[in-house]
Amino acid sequence: MANALHEVTSKPVAEVVGGRDEVFDDGWGSVSAIIRLDAEQFTEEALYGLEAFSHLEIVYHFDRVPADKVETGARHPRGNTDWPLVGIFAQRGKNRPNRLGVSRCTLLRVDGLDLHVTGLDAVTGTPVLDIKPYLAEFAPRGEVRQPDWSTELMRDYYDSDLD
């Protein structure tokens, strides 16, 4: 069956070291962390050239979300009933069906198998599934549109004063 969905298995390529130990929603802007590549799978060669980029896109697993907390329908973002009831795919909450997170962060430096970053919204111990350099050409083309509730939700997300 050409259109059948297939199960996908991923093996982490790295782990988040340092930064925050606890999960909470806002103030990620000045959080510093290290993304440490798995030395059993990779050598420093896997990172050659990455230091030329200012930002990274990180795909990671929300491993602290219990399976029974995964959402598949609609909910109010952050449980705030002032915001509309929206489907799980119309928000970026951590209780997603595959518990995958995507984050853009600033690359400060590469040191061996360690990527020193700021603004990564993942906690220490988080399994990293992929690391990509951020390219301006992958930014949205044209006008970006989003609802007012999402702008309000994100107001303090990267606010450094909350750390």
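The values are calculated or read from the model by the stated rules, or taken from the named source; none is laboratory data. Quantities reported herein were computed from a predicted structural model and do not represent experimental measurements. No Cβ is skipped: glycine too gets one built from the backbone with ideal geometry, and neighbour counts run over all protein chains shown. Accessible surface is based on the protein model in full, side chains and every heavy atom, while ligands, DNA and RNA are left aside. Shrake-Rupley method; radii C 1.70, N 1.55, O 1.52, S 1.80 Å.
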Item to complete: Name every residue in region 48-69 that is among the hydrophobic types (A, V, I, L, M, F, W, C) and farther than 21 Å from Thr124 by Cα, in order of residue number.
Response: Leu50, Ala52, Phe53
Discussion item. I'm checking my understanding of the structure. Among residues of region 109-154 that are under 21 Å from Glu51 (Cβ atoms) and aromatic (Phe, Trp, Tyr), which one is surrounded by the most Cβ atoms within 10 Å (Cβ to Cβ)?
Written reply: Tyr134
Worksheet, complete the sentence: For region 65-83, pairs from a residue that is in contact (Cβ under 8 Å) with a residue 24 or more places away in the chain to a residue that is basic (Lys, Arg), with Cβ under 6 Å and 6 or more apart or across chains, are Val65/Lys94; Val65/Arg99
Worksheet entry | Odd one out for Arg104, checked against (1) open to solvent by 60 Å² or more (accessible area, probe 1.4 Å); (2) over 30 Å from Ala39 (Cβ atoms) | (2)
Worksheet item: Are there any strands (runs of 3 or more DSSP E) wholly within region 44-135 with 3 or more residues that are under 17 Å from the mean Cα position of the chain (by Cα) and over 16 Å from Pro12 (Cα atoms), and if so which?
Response: 100-111, 114-118
Practice prompt. Would you mind telling me which numbered condition in (1) modelled with pLDDT of 90 or more; (2) in contact with a strand residue (DSSP E or B) (Cβ under 7 Å, 6 or more places away or on another chain); (3) under 21 Å from Lys69 (Cα atoms) Pro84 fails?
Written response: (2)
Worksheet, complete the sentence: If we ask which residues in region 68-77 are among the charged types (D, E, K, R) and loosely packed, with under 11 Cβ neighbours inside 10 Å, their number turns out to be 1
Worksheet entry | Residues of region 1-22 that turn out to be modelled with pLDDT under 65 and open to solvent by less than 80 Å² (accessible area, probe 1.4 Å), as a count | 1
